[in-house]
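A.B. asks: Below is a structure I'd like to ask you about.
Coordinate-derived values only; no laboratory data. Keep in mind that this is a model prediction, so the values were computed, not measured. Positions of Cβ are backbone-derived with ideal geometry, glycine not excepted, and every protein chain shown enters the neighbour counts.
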Amino acid sequence: MKIKVFVFNLFQENTYVLYDETGECVIVDPGCFDQEEEDELSHFLETQNLKPKYCLNTHAHIDHILGNNFVSGKYGIPVLIHPDAAGFFRNAPAYGSMFGLQVNEINLPDTYYNDGDEVRFGNSVLKVVATPGHADGSVCLLAESDGFLISGDVLFFESIGRTDLPTGNLDTLLNSIHRKLFTLPDSWLVYPGHGHETTIGHEKMNNPFL
């Protein structure tokens, strides 16, 4: 599996395109907010001859779903997210205004995935692992055959997701990381929702929150 990362919107959010030799791909947490960012994403997909199959959200904070309507509409693909995150979509315009963003209504997901589900595209598989604590409905996406995960805002390089926003809970987040992520091999790469990648082993040894 190959990974392309884009850094979008004023929150410097990481949007990921995961793809393999078949040309099928998934778009994870599309944060593209304006025409320039939408064009950057679509240009990459077109020049690489990629065919999007799903839009996947690790959670539904506004910076991670700003581009949902764009990618689902342009490519005719379904949006998938954990059911516990659905409430954030209904309040997206209000959340956006808190940060000075004019956000139109963001469509509700087409379907939902739950803990343990698998998302298949091309010859690739992502496993959905529920990791609440940063926000209700937070999940990580594990590529078991490739040894990496997309962590959303659960785990960062030497940091963790904030828990002072609605539905955040520090004890729940720490439990998610220790029980769901730190049981993975130390060599696994972690691709977070903000900032650069890290490894499970590095965070076990160096993360001051853990």
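A.B. asks: For the chain, what log10 I(q)/I(0) values come out of the Debye formula at q = 0.14, 0.16, 0.17, 0.18 1/Å, with one point per alpha carbon and no solvent?
C.D. replies: Debye intensities relative to I(0), on a log10 scale: -0.77, -1.03, -1.18, -1.33.
A.B. asks: Another question, then. Taking amide hydrogens as modeled 1.01 Å from N in the peptide plane, which residues meet the under 5 Å criterion relative to T58, leaving out close sequence neighbours?
C.D. replies: D29
A.B. asks: If you count, for each residue, the other Cβ atoms within 10 Å and average over each peptide, how do 134-146, 47-59, 190-202 line up from highest to lowest?
C.D. replies: 134-146, 47-59, 190-202
A.B. asks: Another question, if that's okay. For the chain, what is the calculated [θ] at 222 nm in deg cm²/dmol (nearest 500), taking -39500 (n - 2.57) for each run of four or more DSSP H residues and dividing by its residue count?
C.D. replies: Theoretical 222 nm ellipticity from helices: -6000 deg cm²/dmol.
A.B. asks: For a test of understanding, tell me how many lysine pairs in region 2-206 have Cα atoms under 16 Å apart, given they are 8 or more places apart or on different chains.
C.D. replies: Eligible lysine pairs with Cα atoms under 16 Å apart amount to 9.
A.B. asks: In debye to the nearest 20, how big a dipole does region 2-206 give about its Cα centre with +1 on each Lys and Arg Cβ and -1 on each Asp and Glu Cβ?
C.D. replies: The dipole magnitude comes to about 360 debye.
A.B. asks: Sticking with this structure for a sec: How much length is gained on full extension from D171 to D186, taking 0.36 nm per residue of separation minus their Cα-Cα distance?
C.D. replies: Once the chain is fully extended between D171 and D186, it gains 3.1 nm.
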